[in-house]
Every structure is written in structure tokens, then in C-alpha cells.
1. Answer yes or no: is there a residue in the range A:145-162 that is closer than 24 Å to A:K12 by Cα and either part of a strand (DSSP E or B) or under 14 Å from the mean Cα position of the chain (by Cα) (or both).
2. Would you pick out the residues in the range A:164-179 that are surrounded by 18 or more Cβ atoms within 10 Å (Cβ to Cβ) and either more than 9 Å from chain B (Cβ to nearest Cβ) or in a helix (DSSP H, G or I) (or both)?
3. Could you tell me which of the residues A:F246, A:F240, A:F236 is under 12 Å from the mean Cα position of the chain (by Cα) and under 30 Å from A:T45 (Cβ atoms)?
4. Out of the range B:246-270, which residues are of a type in the set (A, V, I, L, M) and free of Cβ contacts under 8 Å to residues at least 60 places away in the same chain?
5. Going residue by residue through the range A:245-259, is there one that turns out to be surrounded by 18 or more Cβ atoms within 10 Å (Cβ to Cβ), at pLDDT 90 or above and outside any strand (DSSP E or B)?
6. Can you tell me which of B:A29, B:A23, B:A69 is open to solvent by 30 Å² or more (accessible area, probe 1.4 Å), hydrophobic (A, V, I, L, M, F, W, C), closer than 29 Å to B:T469 by Cβ and assigned to a helix (DSSP H, G or I)?
7. Being touching a residue at least 12 places away in the same chain (Cβ under 8 Å) and more than 14 Å from chain B (Cβ to nearest Cβ) is the filter; apply it to the range A:70-90 and report the residue that is nearest to B:P182 (Cα to Cα).
8. Just need a number here: residues in the range A:16-33 that are over 19 Å from A:G223 (Cβ atoms), open to solvent by less than 20 Å² (accessible area, probe 1.4 Å) and among the aromatic types (F, W, Y).
Amino acid sequence: MPGFVEVRGLRKRFGKTWAVDDVSFEVEEGKLLVLLGPSGCGKTTTLRCIGGLEQPESGEIIINGEHVTDVSKHLYLQPEARGMGMVAQSYAIWPHMSVFENVAFPLQMQKLSRQAIKERVREALDVVRLGDLGNRNATELSGGQQQRVALARAIVGRPRVLLFDEPLSNLDAKLREEMRYFLKDIQRKIKITAIYVTHDQAEAMALGHELLVMNAGKIEQRGSARSLYCEPETSFVANFIGVASFIRARIRSIDPDDNHSVVVELEDADGKSSLLRVRSQEARIGSNVAVTIRPEWVTLHTIDSEVSGNLIGGAVHKSQFLGDRTEAIVDTKFGQMRVWMDGLAEFSEGEHVQMEVDAERCIALPVD
Amino acid sequence: MIDSWLGRRVASNLRVETLVYWATAILAALAILYPAWMSVHAAFTEGGNFSLGGFSRMMQHPSVGKEIATTLLFASGATLGAAVIGVPLAWINARTDVPGRRLLEILCVIPLFISAFVGAMAWRLLLVPRAGMVTRVLTDWGWPPELLPDVYSITSMIVIQSIFYSPFMYLYTVASIRQMDPSLEEVARIHGAGPWQTLWRITLSINGPALLSGMVLVFVFTVGTLEIPMALGIAGGNYVISTRIWTLMSDYPQDLTMAASLGVLAVLIAGTGIWIQRRILGNRKFTTVSGKGYRARRIKLGKWRWPAFGLVISYATIAVIAPLIVLVLVGLQKYWAGAFRLELFTLDNFRSVLFEYDVTRRAIANSLIACTAAATIAVFMSIMLSQAKSRRGEALMGLLVLLPIAIPGAVFGMMVLFAFVRTPIYNTLYIIMFAYVIGYFYLAYRTIYSVRLSIHDELEQSARIHGATWWKATTRILFPLLRPGIYSAWLMTFVVLVREFSSVMFLYRNGTEVMSVLFFLLMERHSARLAAFMVIQTVILLIVMLIFQRLSYRNTDTMTI
């Protein structure tokens with residue numbers, strides 16, 4: 001089934017660098033897709049191309065079966081002809097208009113009657129729970145309120161697609177979390193197709209039906225929050241989403257019953273090696289891998305406790321109590337690893353430990 | 001013990017800076033209010049008694065009514081014209097990807113560095129009936145003479161005034177547009193507004209306050225200017241209030257009371273302009289709520305890139321290039337025969353103006369001395385005044401800065417004359433310096449104050465805590481940090497003072513002529529020599545401008561006027 005929004009082969013260049021380099025994806029109707037990546041990865045440029053604010057060098061953008069950009073045919077629909085709504089990073093609330101006038105603007109552009117505008121604005125302000133602030137001057141509002149005005153303005157015209165450009169990045173941490181739930185609620189309620197750009201992984205995981213991780217103008221991986229976290233396909237994704245330590249290794253053997261279960265050989269500086277059982281997507285014996293270990297996928301044991309299997313030895317380099325957990329940085333012969341354990345666990349710095357690695361979760365990623 | 005000793009030291013040091021601030025502020029206030037009072041007094045007094053004679057003669061005067069109407073037409077026309085020119089230029093430079101922006105940005109402010117009087121004289125040479133360079137060419141091409149623009153008409157006055165005052169509009173608007181978050185426009189596009197709707201409903205509306213401030217400034221300047229009304233108006237029979245005041249003050253029989261009454265009227269007109277601006281603005285200041293670090297995205301003009309470039313260049317041609325060329329050409333001729341003739345080529349005009357002709361040499365010296373001294377004093381005053389730390393201090397400063405702006409230039413010259421007519425400084429260069437400083441220190445003040453605002457008090461305070469006295473902290477910490485502001489404030493003030501014409505016309509005497517005044521005195525005599533003289537002034541100003549540009553290229557648009 002073709003998506004409601006389709007992007008095909010999108011490329012955009014700034015000077016000599018390709019900000020967006022052959023990006024294709026689609027968004028199903030009513031779903032929210034998050035474009036996630038570090039700054040400069042091309043996510044905002046992709047969004048701006050969809051909105052018609054940038055002209056791509058090649059590619060097509062199709063909304064509901066209709067081309068809005070088709071470089072091969074020199075078709076670039078003007079932004080105002082695309083039927084979209086947008087929440088900008090700076091909210092972009094027009095300072096010379098009241099809240100009502102800000103929200104009414106898209107409707108005025110659609111040449112609706114005065115009465116209809118009044119009703120629809122009221123409706124939209126109710127949705128964002130700003131019902132009684134219509135007469136306020138836009139600049140008198142707090143950051144969170146401005147954010148909601150921007151949202152009301154973006155949905156009031158019943159756009160086909162809603163674009164979010166890092167809408168929460170200017171809010172303080174607490175408000176950001178609150179607005180995250182709020183945005184999600186509204187999107188799920190009015191079932192509008194939305195594309196959401198952010199560099200904040202927590203925001204992305206909370207909001208998106210699906211996530212698209214971008215890096216250096218290309219798509220790294222696409223999937224649900226859960227699959228990106230648990231089954232990263234590249235070390236970039238593993239590192240960008242959540243926290244991970246990486247250990248270089250080589251695949252020694254593959255389980256004959258389960259070809260996703262492998263044994264890898266780690267090698268330290270002295271040439272001594274130890275073995276570890278982990279998972280792998282496409283294993284080939286002898287290939288080099290990076291074993292991805294998330295801090296909570298490791299259990300720490302004292303040196304004298306009797307545990308067997310899948311162990312790496314090391315010494316606690318630093319440890320700090322963080323309330324809900326204690327974080328330890330452990331020196332191993334294969335490099336430093338970050339480990340999270342129960343908040344009350346106590347290991348002293350310099351103490352020798354054994355680390356039990358979860359064979360079902362830790363994953364060997366191919367390296368080139 | 002130590003505590004109380006420290007306490008005393010801090011207290012006494014604080015007193016020094018408060019004292020310096022208040023002394024300067026009160027002096028500055030007196031320097032404005034005393035002349036203002038003297039001229040109001042003059043307007044209502046005759047023969048030592050209260051009288052409305054000046055006003056009644058004004059009402060009965062056969063032409064003053066028409067002159068007031070002309071003034072209003074001239075001022076509002078020039079205000080609109082300056083906006084129509086300056087705002088598009090600002091928008092092109094600030095928001096589009098027009099080619100050669102760096103050059104265009106400089107070209108758009110150059111007219112500021114050329115006296116409008118000089119510009120008007122140059123255009124007179126170009127457009128004068130029969131002998132004008134442009135008129136001749138047009139006539140040769142068969143252009144019907146009745147359709148030739150009349151350089152002495154009120155329309156020409158308005159157009160030329162608009163051209164030379166549009167940089168003010170440009171500077172106000174460009175700064176404001178540049179501060180605007182481009183997302184404000186983009187979001188409008190996304191939500192259904194076309195490019196023109198966006199320009200009108202978003203860009204121009206948001207920058208409305210800045211536009212209005214610029215317009216009010218041009219309006220007040222124009223109400224009080226003598227430059228174009230003297231250069232073109234008198235010859236065309238178009239008197240305005242400022243030329244009438246000047247005539248009443250300088251021609252026999254003088255009527256000082258009526259002149260003062262007209263001055264009061266001019267201040268009222270200017271005040272009305274300011275009042276209307278405040279009414280429209282109310283308390284609104286569209287401080288754009290900007291996100292952190294948005295990129296300044298420019299509008300892609302596509303096929304309009306070069307037409308936009310051409311537009312800016314043609315403005316520069318009309319305002320700067322053509323006038324300068326004609327003045328240089330005329331200056332290089334033995335006498336002006338309506339066109340450049342190789343056989344009349346000579347450097348004598350430049351030589352005589354610079355080295356032989358006593359009056360011009362004296363005027364150049366007078367200008368340099370008076371403007372250098374006045375700019376320096378104005379900068380020092382501004383540094384002292386920018387220390388205002390209390391609310392009361394800032395309110396007083398607001399008034400001090402507003403007053404000289406609100407008083408039209410010619411009226412200000414008259415006021416200073418009234419204030420000092422019976423003192424020893426009358427007839428000296430000091431009275432001109434006084435008018436320069438008091439009339440224009442707000443230029444220096446605004447620049448320095450805006451830099452001062454960006455310097456944290458803590459920097460100075462920590463110097464004090466580490467043992468520096470107030471004077472040490474000021475000279476070692478504050479001055480160096482203010483230095484960029486000081487340079488640009490000084491240069492800016494200097495340039496404006498060298499051009500200044502309207503107020504000095506009331507204050508010069510034989511021997512204290514400055515350059516701009518001498519232009520007027522030589523106006524009807526030797527046009528080739530006058531042209532050479534004007535070229536020399538313009539060259540001085542352009543050199544100063546180049547230095548200015550060097551020192552503050554990165555923030556040309558922040559020079560506040």
C-alpha cells in the first residue's frame with residue numbers, strides 16, 4: 001500500500017555537501033513519523049523540502065497520490081499550495097497579532113466566512129486548552145502557551161500533513177515532557193498525518209509510531225522505538241538511541257539450531273582471547289563485529305561469587321550513585337564499559353568484578 | 001573596623017560616578033532647555049512685555065499660510081518617499097539572495113555621507129532648464145521641453161529630499177528586518193499565504209514600529225531642514241517654514257518675534273508627528289520571540305536576482321554616483337558651459353579652493369576644528385550619560401535624547417541664537433560648537449548606550465572589588481570595552497556635523513563660516529569653484545566613511561541614528 005506521504009530519492013545540496021542524500025520513505029495516513037538524528041544530519045532539510053521551503057536537487061514528494069515536488073518535471077508546488085500545517089522550532093508566533101488572529105490566519109487564507117473562522121478558531125483553541133486566551137497578545141504568553149498557539153494554528157486549517165520542526169527544543173525539561181504527552185494525545189485523537197523532526201531520542205520514542213534515524217544525509221534505520229533500541233542495525237543507531245558500550249570481536253561459531261545466536265571471540269592487547277555468546281542478525285564466521293552492550297544488559301558480580309558463563313572480568317574504575325541506579329565505569333582488557341545496577345548495589349572503586357553479559361540481548365553488529 | 005572603612009570607601013566612590021552623571025545630565029538638560037525657553041520667551045514678548053504680536057503678524061502674513069501648507073506637503077511627501085525608497089532597499093539587502101550584497105549595503109548608506117545640499121546642487125546642475133546635462137541630452141533626443149522635470153518644483157524638492165533621507169529609513173528597517181526570525185514568514189507561507197500576502201501581512205507589519213520610527217525621524221528632519229529649501233525652494237518660489245524663519249531673522253527688517261512664533265509652530269508640527277507615531281505604536285514593541293540560533297535564511301529571488309541588484313544600483317546612481325560625477329566634471333572646468341569640454345579642463349578650481357581662496361580655506365579649517373571638538377565632547381558626554389543606572393536617570397535621558405530630535409534643525413539654530421545673542425560667545429566658533437554638541441550628541445549617545453548595555457556591570461564592579469577606583473575602573477575597563485562604540489559614535493557624529501547646515505545658517509558670522517554655510521554663500525557665484533569645493537567636502541566625508549566602514553563593517557546596520 002503506498003503511503004499517504006511519499007518521499008522518493010530526495011537529494012538536497014548546500015554548497016558542496018549533500019545535506020540530504022537519496023532519502024526515501026513513506027508515512028501512512030494518520031501516523032506520526034519521527035525523523036531523528038544529530039544536528040546537521042539532514043532531518044530538518046528533509047522536512048523543509050516536504051513543506052516546500054527548500055527546493056531539492058532531485059527526487060519526488062507525493063501527498064495523497066498527488067505530486068507536490070517532482071524535480072524531473074520541474075514541479076515545485078509553492079508552500080501555500082501544499083495544504084500543510086507547521087509548528088516551527090521558534091514557535092514563530094506573529095508578535096503583532098493576538099492569539100485569535102494568529103490562529104485565524106490559515107483560515108483567512110482559505111477565505112472562510114467570519115463566522116466559520118470564529119467557530120473553528122475556538123474549536124482549535126479548545127483542543128490545545130487555551131480556550132479563554134484568544135484576546136491575549138501573543139507575546140504575553142509563556143513559552144508553553146506559545147507552543148500551544150503554534151499547534152492550534154497548525155491544525156486549525158485541517159491540513160493534510162502536519163510538520164513539526166523540533167517544536168519542544170526551546171522548552172525547559174519538565175514542560176517538554178508534559179508537552180510530549182500532550183502532543184501525542186492530540187495527534188492520536190485527531191489522527192492527522194504528521195512528520196516530526198527532533199534530535200531528542202526520548203521525545204522520538206515517546207511520540208512516533210515509527211522512527212527514522214538519519215545520519216549524514218542518509219537514512220540509517222527505520223522502525224519502531226522498541227526495534228531501534230533492541231535491534232539496532234548499525235553502531236550509529238545503537239549509540240544514538242540509548243547508551244551502549246562497544247567491544248570489538250570476531251565471530252567464532254554460529255549456533256546450528258539458531259543462526260542468530262553466535263559465539264564471538266574477544267581479543268585483548270596481549271593477544272589473549274575470551275569467548276562470549278551474543279546475538280547477531282547476519283552472522284558469518286570470521287567476520288569482525290562490534291558487540292553492543294547496553295548498561296542494563298550486564299549484571300555485576302563480586303570476584304568471589306560463583307557465576308558461570310558469558311563473563312568478562314574487569315575492575316571498577318568509577319562508580320556513582322544516581323538514586324534510581326548506580327552507574328559504574330568498568331575497565332576491562334577490551335576497553336571501558338558502562339554498567340547500570342540497582343541503586344543500592346555497592347562496589348568500591350578499584351574492586352575486581354565479573355560482568356555477566358545477557359546473551360539474549362547483547363548484539364554483534366557488523367563493522368567494516 | 002575594616003567593614004566600616006570599606007563601607008565608607010565604596011560609598012564615597014559611588015558618589016563620584018553619580019556626581020559625574022548628574023552633573024553632565026543637568027548641564028545637557030540646561031543646554032537644551034535654556035535656548036528653548038529663550039525662544040518661547042521671544043515668541044511671546046515684545047518690548048519687554050507679554051505679547052501675541054508675533055503670532056498675529058504670522059496669521060496676517062500674506063504667504064505664511066501657504067508656506068505652512070508647503071512645509072506639510074514637503075515633509076509628508078519626503079517621509080513617504082524616503083520610506084518607498086528605503087524599505088525595499090532594506091528588504092532586498094537583509095532578506096534576499098541579491099548578488100553583491102556587501103557592495104550594495106555600503107551603497108545604500110553612502111548618501112548619508114553626502115550633504116543633501118550638495119546633492120541638490122548637483123541635481124540642479126543636471127536638470128536646470130537648458131544648461132543642465134540631463135536636460136540637454138533629453139532635449140537633443142527630442143524630449144518635449146514641457147515634459148522636462150522642473151528641478152525647482154515642489155515635486156523635485158520632495159524627490160531629492162526623499163533620496164537623501166532614505167538611508168535613515170533604510171538603516172532603521174534593515175536592522176529590524178535582520179532581527180526578525182525568518183520562520184515567521186515561512187510559517188505564513190506554509191499556512192496558505194502567498195509571497196505578497198506574507199510580505200504585507202507579516203514582514204512589513206512586524207517591522208512596522210521600526211518603519212514608523214524611521215518615518216518620524218525623516219519627518220522631523222524635513223520640517224526643520226534648510227538644505228533643499230535653500231538650494232531649490234527659494235529659486236522656485238517655494239518657501240517653507242524654515243526658509244521663512246531664516247528670512248525673518250536675516251533680512252531687513254528683522255522680525256524676531258514672528259520668527260520665534262513660527263519656530264514654536266514648527267516644533268508643534270514636529271511634535272504632532274511624534275505624537276501620531278506614539279499613538280499608533282502605543283506600548284507595542286514587536287520584540288520577536290526568537291528561537292535559539294535560527295539560521296538567517298534568505299529568500300531566493302530566482303530570475304529577480306539581477307533586477308533587484310539593478311534597482312539598488314540605480315538608486316546608488318541617482319543618489320551618489322551621478323551627483324559626484326557631475327560635481328567632479330564641473331569642478332574640472334574653467335567655467336561651466338553646460339557640458340564637459342576638454343579645452344576648458346583645469347585643476348585651478350581645486351587649487352584655489354584649497355590653497356588660495358581665503359574664505360574656503362578658512363571654512364575648511366573651521367569645519368574641521370569645530371566638528372572634531374564637538375564630536376569629541378559629544379562622545380565624552382555620552383559616555384558619562386550612558387552610566388545612568390537609576391530609573392529616574394533613564395527617564396531623564398529619554399527626554400534629553402528626545403528633545404533635540406524633536407526640535408527641527410532650523411528652529412534649533414534660531415534657539416541657540418536667542419540664547420547667546422548677548423553673550424561673548426556670540427560671533428565665535430564656540431556658539432557653532434555648542435549647537436553641534438547639543439543638537440547632535442544624541443547620535444553618539446545612542447550608539448554608545450547600546451554598546452554600554454551589552455557590557456555587564458559586573459566587569460566594572462569586579463575591577464572595583466579588586467581595588468580599582470572609579471576613575472581607574474572607568475578608564476581601564478569601561479573605555480577599552482566601549483572602544484568600538486566610541487569609534488563609530490565619533491565618526492558618525494563627525495560626519496553628520498560636517499554636513500550640518502540648517503542650524504549653523506543662523507549662527508555663522510563673517511570669519512566663522514563652516515564649509516556647508518559657504519556652499520550657500522557661493523551658490524550663485526562661481527559654479528565651477530563651488531563644485532570643486534563640494535567635491536572636497538564630499539571626499540573628506542567619504543574618507544571618514546571608509547574608516548567607519550573598516551572599523552565597524554560587521555555591524556553597519558547597528559549604527560543607530
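The values are calculated or read from the model by the stated rules, or taken from the named source; none is laboratory data. Since the structure is predicted, the reported quantities are computational estimates derived from the model, not experimental observations. Please note: Cβ atoms are built from the backbone with ideal geometry, for glycine as well, and neighbour counts cover all protein chains shown. What goes into the accessible areas is simple: the full protein's heavy atoms, side chains included, and nothing from ligands, DNA or RNA. Shrake-Rupley method; radii C 1.70, N 1.55, O 1.52, S 1.80 Å.
1. Step one: list which residues in the range A:145-162 are closer than 24 Å to A:K12 by Cα, which gives A:160-162.
This time we only want the ones that are either part of a strand (DSSP E or B) or under 14 Å from the mean Cα position of the chain (by Cα) (or both), so: A:161-162.
Looking for residues that are closer than 24 Å to A:K12 by Cα and either part of a strand (DSSP E or B) or under 14 Å from the mean Cα position of the chain (by Cα) (or both), one finds at least one in the range A:145-162, hence yes.
2. Residues satisfying the conditions are A:F164, A:P167, A:L168, A:L171, A:R176, A:M179.
3. From the options A:F246, A:F240, A:F236, the qualifying one is A:F240.
4. Taking the range B:246-270 first, the residues of a type in the set (A, V, I, L, M) are B:248-249, B:256, B:258-260, B:262, B:264-270.
B:L248, B:L268 - these are the residues of the range B:246-270 that are of a type in the set (A, V, I, L, M) and free of Cβ contacts under 8 Å to residues at least 60 places away in the same chain.
5. Within the range A:245-259, none of the residues are surrounded by 18 or more Cβ atoms within 10 Å (Cβ to Cβ), at pLDDT 90 or above and outside any strand (DSSP E or B).
6. B:A23
7. Of everything passing the filter in the range A:70-90, A:V71 is nearest to B:P182 (Cα to Cα).
8. Residues flagged as over 19 Å from A:G223 (Cβ atoms), open to solvent by less than 20 Å² (accessible area, probe 1.4 Å) and among the aromatic types (F, W, Y) within the range A:16-33 amount to 0.
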